[in-house]
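The values are calculated or read from the model by the stated rules, or taken from the named source; none is laboratory data. Just so we're clear, the structure is a prediction, and the values are computed from it rather than from any experiment. Glycine also receives a Cβ, built like all others from the backbone with ideal geometry; neighbour counts cover every protein chain displayed.
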Amino acid sequence: MAPSDPVPEELARETEVRRGEEGSRRPLPSIIGSTVVMKGELTVGEDLEVEGTFDGTITATGPDTVTVRRCARVSGEVSASIVRVEDGTNLENTVLSGRIRLAE
């Protein structure tokens with residue numbers, strides 16, 4: 001696709017905003033995909049979903065949600081306004097801080 005080509009409709013929809021829990025409009029979250037393996041410190045200023053492996057510290061700096069999916073492997077520390085953890089998630093020696101929500 002050349003830079004002047006229009007963005008395909010399905011891609012344009014993926015980059016639109018979504019409705020937050022309070023009904024506010026929020027950008028789509030960043031995602032650490034299931035094949036990604038990361039080690040170190042990560043600071044985000046937006047919602048984040050972790051599906052892959054992360055060893056270290058994740059810090060969300062605003063009123064953001066960090067979601068740890070059931071397929072993720074997280075070891076270290078996760079700090080956010082809201083930390084959402086799916087049932088069955090592998091949290092090895094992990095400290096969670098913020099408002100913790102458990103999800104099925």
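Summary table below
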{"item": "Near pairs, Cβ below 9 angstrom, 6+ apart or cross-chain, from segment 30-48 (farther than 19 Å from GLU86 by Cβ and modelled with pLDDT under 95) to any residue that is surrounded by 11 or more Cβ atoms within 10 Å (Cβ to Cβ) and polar (S, T, N, Q)", "result": "GLY45/THR61; GLU46/SER30"}
{"item": "Count of segment 84-104 residues which are acidic (Asp, Glu) and assigned to a strand (DSSP E or B)", "result": "2"}
{"item": "Scan of segment 52-103 for residues that are among the aliphatic types (A, V, I, L, M) and either touching a residue at least 60 places away in the same chain (Cβ under 8 Å) or exposed (fewer than 14 other Cβ atoms within 10 Å of the Cβ) (or both), ordered by number", "result": "VAL95, ILE100, LEU102, ALA103"}
